[in-house]
Protein chains: 2
Amino acid sequence: MKDNQNCVIGLDFGTDSVRALIIHAADGAELATDVVHYPRWKMGKYCDPASNRFRQHPLDYIEGMERAIKNALSRAPAGTAARVRGIGVDTTGSTPAPVDQNGTPLALLPEFAENPNAMFVLWKDHTAIREAEEINRLAKSWGGEDYTRFEGGVYSSEWFWSKILHVLREDESLRRAAFSWVEHCDWIPALLTGHTDPRTMTRSRCAAGHKAMWHASWDGLPGEAFLTRLDPLLAGLRERLYRHTRTGDQPAGTLAPEWAKRLGLNTQVVVAAGAFDAHFGAVGAEIEPHLLVKVMGTSTCDMITTKLTPQGEHLVKGICGQVDGSILPGQLGLEAGQSGFGDIYAWFKNVLMWPIENLLDSELILEIENSQLLIEQLDTLIIPALSQQAAALPIDESGLLALDWMNGRRTPDANQALKGVIAGISLGSDAPRLFRALVEATAFGAKATADRFISEGVPIHGIIAIGGIPKKSPFIMQVSADVLNMPIRVAACEQACALGSAMAAATAAGLHPDLPAAQKAMGQGFDTTYHPNPDNATKYQRLYERYRKLGRFVEREWTE
Amino acid sequence: MKDNQNCVIGLDFGTDSVRALIIHAADGAELATDVVHYPRWKMGKYCDPASNRFRQHPLDYIEGMERAIKNALSRAPAGTAARVRGIGVDTTGSTPAPVDQNGTPLALLPEFAENPNAMFVLWKDHTAIREAEEINRLAKSWGGEDYTRFEGGVYSSEWFWSKILHVLREDESLRRAAFSWVEHCDWIPALLTGHTDPRTMTRSRCAAGHKAMWHASWDGLPGEAFLTRLDPLLAGLRERLYRHTRTGDQPAGTLAPEWAKRLGLNTQVVVAAGAFDAHFGAVGAEIEPHLLVKVMGTSTCDMITTKLTPQGEHLVKGICGQVDGSILPGQLGLEAGQSGFGDIYAWFKNVLMWPIENLLDSELILEIENSQLLIEQLDTLIIPALSQQAAALPIDESGLLALDWMNGRRTPDANQALKGVIAGISLGSDAPRLFRALVEATAFGAKATADRFISEGVPIHGIIAIGGIPKKSPFIMQVSADVLNMPIRVAACEQACALGSAMAAATAAGLHPDLPAAQKAMGQGFDTTYHPNPDNATKYQRLYERYRKLGRFVEREWTE
């Protein structure tokens, strides 16, 4: 190790855990990393999957972050802490929480410590379906600006305003205490820098632009008239939120003394403005204009950037949003994705695990010495074993066809009220065949979004995949390449989001002139490439037409 | 036991096993019973579930029957054998096999012993979908008699002519050797009486009328012109089949010396003409005009009888058939049913069993001492455990809705190309919720057929249930009663088919003047009655409308 190299920390807050990655700013060489799972979340606290309510306690974030950074530093070569120059932060989103006047999330106050409404409303929480519908209806009908137009024209229940409105309506005690709201990726940099006043804290450009209908052309957030017409409950909130935003390559400030002390770092460390995990993942995976970066995990996030035209912005219909600088500075960042991807395989796995998880302790079953271990082992083995058997099946042999809307549909054309379907079931439809149909459905869902980019005039020159699935499931990746009929390169980096976060930190700290330069210096390239098989692609094109047809019927007739 | 009482034997050949029931002809008191599983069938021989090919070897029937009768006689009080006066026979159907000039099923000849095409084509074999389509097309278009009109206007791939045509086309060696064809329920009485010439053996009225387009108004089977136009392969076959049929209350003959010796019975024993299991089941369950008898097992068979009108027969559209005397003499016997019922729950159970059945012997799993026993225990427990949990769920809580066409649709409007669907899936759709949706789907399928009877002018005055499911699943029965919105009485008899078979034997042997008299003397009444809950019935009516809507779409758009 060269003694004087500058280091940066990339923090990546995922759905289940937070990662800290310490690397050299000059060449991206990894020094240490650590992952800490959120303890309360892991116990299922504050959540109700049956009603799609998913909340996270801010203490999970604070405790997790502190432990992850300290663990990583303790593993890094001696003297690393003193050479840390910057911290970058990415989180899931839209994951907002109500805060008081000091910017403290309400769940950190004793009276709200156990109230799920006072916590972060996780991206995949779908309790606000009705509120999203109201926002969409009003935006189209009120006669003023359609504030949804840079977010694909359809506002989602997964997003900022839907969630705020839902929580405020549902919880009167909270309504009185909620001074303002923060995104998870606004709050972590605010906390670390000590600039927590919600009216002045650094706000994330990508969260604002993609999820909060923020746009320069209407001077920030949607106008007061629109918001109060939506619900008088929102009166005045706009002024207690923000007008200005920063992209992730800009600093939010330097480390507050309290946090410098807690982490064993110095107060000159620059903390970059936060961004969503997927966006920094795209940066870490070396996104370039017209390369589609897919984060493939429990859900997917599909990102592409395109040059801003001098004539103004071309509107892409039915995707999550298009925001100047949200991914790369000077480029329009476009975001889309699937509400359910790996979650759908996990759902099927859980269905198959039901007998094992529920019946092993029955008196009618022979006693097994270590049944908990057996359950864990089977849980781990099921998806790989299903993948292996499903991969051996010919395409379209089973007659099965599924719709991948088990968690709603994010794009194209957000509709969280949609549900999944499995059609073409026969008595011979065994578990590997059903699994294959689910994998195909998720690939069809990916194609629907990619096709939308192309049909809206944003050509795709290549695909890069990051996230958990590209590394561990060649079967799912091959089906995806065949269905999309394009090669998919898998980023070599195991932790692209944290790497992108570190690239942003290095840029914000002035160690690289801009984000593309940081990408070039710190990037880790690609390993596997999945090439489409032309025969399979032809067969899938036909199946895809059937997927679209079934989808149109279900959407037309099946949404309640 | 009174010493001089006459006894009869009811033989019931089911899908998996054959039962022999020995009872008193006077009062139906049971003396002994025995069940023997078909050994080759149990091993999965000659079948290919993936292509819906299900064949049974005649030796399974012969060996099973002989053992079941002997076992039952050995358990019955001493002297029973000498008091046996009649044997009745019911079998599954349409389950035809090719025979030579002597009426010997070809699989009993050495050169065809292992050829599945030379065996009985089991009722649920769906290899002849294309042939059924051809029959339907020709029947509607050829300008002559529409021979399907007494079979609901739609001929099924599960039936006699479809199967014959499929096997003859597929297998040239067999084409040369197949002199004629027999139904399973034709062949057993022929074998036992020794009258095996296929041109003169006693042919079952219900098999002929319900499955072979036999009708008195066109002098028996469909005309030669129709058959040869369907395929020249069929030329001459009509003359090598039959013109006359007998109802199950009539004798087919007396026991042949060889069989009398083998079974330890005398040659005066009357063997009744055979019938389908469901029809004799309805007799055993004390069917009366306008009572709907539902045999609820792997599939269902729904039967009702109505008076023949002097003006001729009213045609009921889209059911399997209407045949004079097929169930009760002097009544028009109407038959309908679902291709999959318990089979659908078994399919789901098998999907859930996949990890346990496939992964327990993996090296990555801890070793379990008696894994085979564990598998068997779980296999037995799953459906009762799912039923218990599903029963506790409110109606329509899950948003799930399924179509019960996993094995095609028998009625209303036969279409074996249809497939099952599960719609409305969310990430919270766990195994009990999915199971509940499947149970509701099978009940909706039952309602679709009951409604068809009513809308076609055949009122239903009550419902009687027999078969395995009514005895073992209160949950499924309650959902059925709620969906059908009618009380369902469960026949007390555990073996209604064998009992009906014995009633037929007693009538054919002259021990009762007619079948209704035998029913009255030998019937065993009812135990549980499931009453519909009015609130549930109202909710299910709404869900049923959605079931119909989804069904119409799938049928219109999804049949390939």
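The value given for segment B:261-379 is a Kirkwood hydrodynamic radius of 18.4 Å, derived from the mean inverse Cα-Cα separation. Of the peptides B:512-520, B:369-377, the order by per-residue mean of other Cβ atoms within 10 Å, starting with the highest, comes out as B:512-520, B:369-377. Return the whole-Å distance between the Cα centroid of segment B:106-169 and the Cα centroid of segment B:22-96. Answer, in whole Å: 26. Considering every alpha-carbon pair of segment B:363-425, the percent of pairs per 10 Å bin, from zero through the bin containing the longest distance, is 16, 24, 31, 23, 6, 0. Highest mean packing first, where packing is the average number of other Cβ atoms within 10 Å per residue, the peptides A:101-110, A:413-422 line up as A:413-422, A:101-110.
The alpha carbon centroids of segment B:512-560 and segment B:391-414 are separated by 13 Å.
Residue by residue along B:343-350, Cβ atoms of other protein chains within 10 Å of the local Cβ number 2 on average. Here is the interface size for B with A: some 5100 Å² of accessible area buried, both sides summed, with a 1.4 Å probe.
Using the Cα coordinates of segment A:1-107, the gyration tensor eigenvalues translate into equivalent-ellipsoid semi-axes of 31, 14, 11 Å, sorted from longest to shortest. Rounded to the nearest 20, the Cβ-based charge dipole of the protein assembly as shown about its Cα centre (Lys and Arg +1, Asp and Glu -1) stands at 1220 debye. Summary for residue A:472: label point 7 Å along Cα→Cβ; distances to the equivalent points in the other copies, ascending, 3.8 nm. Residue A:228 label point (Cα plus 7 Å toward Cβ) to equivalent points in the other copies: 9.1 nm, shortest first. Charge dipole (Cα centre; +1 on Lys/Arg Cβ, -1 on Asp/Glu Cβ; no other charges) of chain B amounts to roughly 900 debye.
What does the structure give for B:133-142 when I average, per residue, the other chain Cβ atoms found within 10 Å of the residue Cβ?
So the per-residue partner count for this stretch is 0.
Per residue of peptide A:353-365, the mean number of Cβ atoms on other chains within 10 Å of the residue Cβ is 6. Across all Cα pairs in segment B:418-462, the calculated P(r) in 5 Å bins from zero up to the longest distance comes to 5, 17, 21, 17, 13, 11, 9, 6, 2 percent per bin. The alpha carbon convex hull volume per residue for segment A:177-232 rounds to 98 Å³. Residue-normalised convex hull volume from the C-alpha trace of segment A:335-451: 136 Å³ per residue. Summary for residue A:266: label point 7 Å along Cα→Cβ; distances to the equivalent points in the other copies, ascending, 11.6 nm. Since only B:426, B:356, B:374 are under comparison, the one whose Cα sits farthest along the positive direction of the charge dipole of segment B:333-426, derived from C-beta charges on Lys, Arg, Asp and Glu, is B:426. Global size of chain B: 23.0, 73 Å for Rg and Dmax (C-alpha atoms, Rg to one decimal, Dmax whole).
Over segment B:37-183, the hull volume per residue, using the convex hull of the C-alpha atoms, is 155 Å³. When only alpha carbons are used to place a centre, segment B:184-256 and segment A:278-310 end up 71 Å from one another. Rounded to the nearest 20 debye, the dipole size of segment A:515-556 about its Cα centre is 360 debye, using +1 on the Cβ of Lys and Arg and -1 on the Cβ of Asp and Glu.
Over segment A:404-560, one equal point on each Cα, no solvent: what is log10 I(q)/I(0) by the Debye formula at q = 0.09, 0.10, 0.12 Å⁻¹? Each listed q corresponds, in turn, to -0.39, -0.47, -0.66.
Taking every Cα-Cα distance in segment A:487-560 and sorting them into 10 Å bins starting at zero, the pair-distance distribution P(r) comes out as 17, 23, 17, 22, 19, 2 percent. Based on DSSP H segments of at least four residues, each scored -39500 (n - 2.57), the protein assembly as shown has a per-residue ellipticity at 222 nm of -12000 deg cm²/dmol. Projected onto its three principal axes, the C-alpha set of the protein assembly as shown covers 110, 63, 57 Å, listed from the longest axis down.
By accessible area of protein heavy atoms, probe 1.4 Å, what ranking do B:70, B:349 get, highest first?
Ranked from most to least accessible, the order is B:70, B:349.
How large, in percent, is the carbon and sulfur part of the accessible surface of the protein assembly as shown at a probe radius of 1.4 Å? Exposed carbon and sulfur together represent 49 percent of the surface.
On a per residue basis, segment A:408-544 carries 31 Å² of accessible surface, using protein heavy atoms and a 1.4 Å probe. In segment A:208-331, Rg over Rh equals 1.03, where Rg is the alpha-carbon radius of gyration and Rh the Kirkwood radius from pairwise Cα distances.
Measuring max minus min along each principal axis, the C-alpha atoms of segment A:132-232 give extents of 41, 33, 22 Å (largest first).
The values are calculated or read from the model by the stated rules, or taken from the named source; none is laboratory data. The structure presented is a predicted model; accordingly, all values stated were derived computationally and were not measured. Methodologically, a virtual Cβ is constructed for each residue, glycine included, from the backbone with ideal geometry; neighbour enumeration extends over all protein chains shown. The protein model used for the area step is the full one, side chains on, heavy atoms only, and it has no ligands, DNA or RNA in it. Shrake-Rupley method; radii C 1.70, N 1.55, O 1.52, S 1.80 Å.
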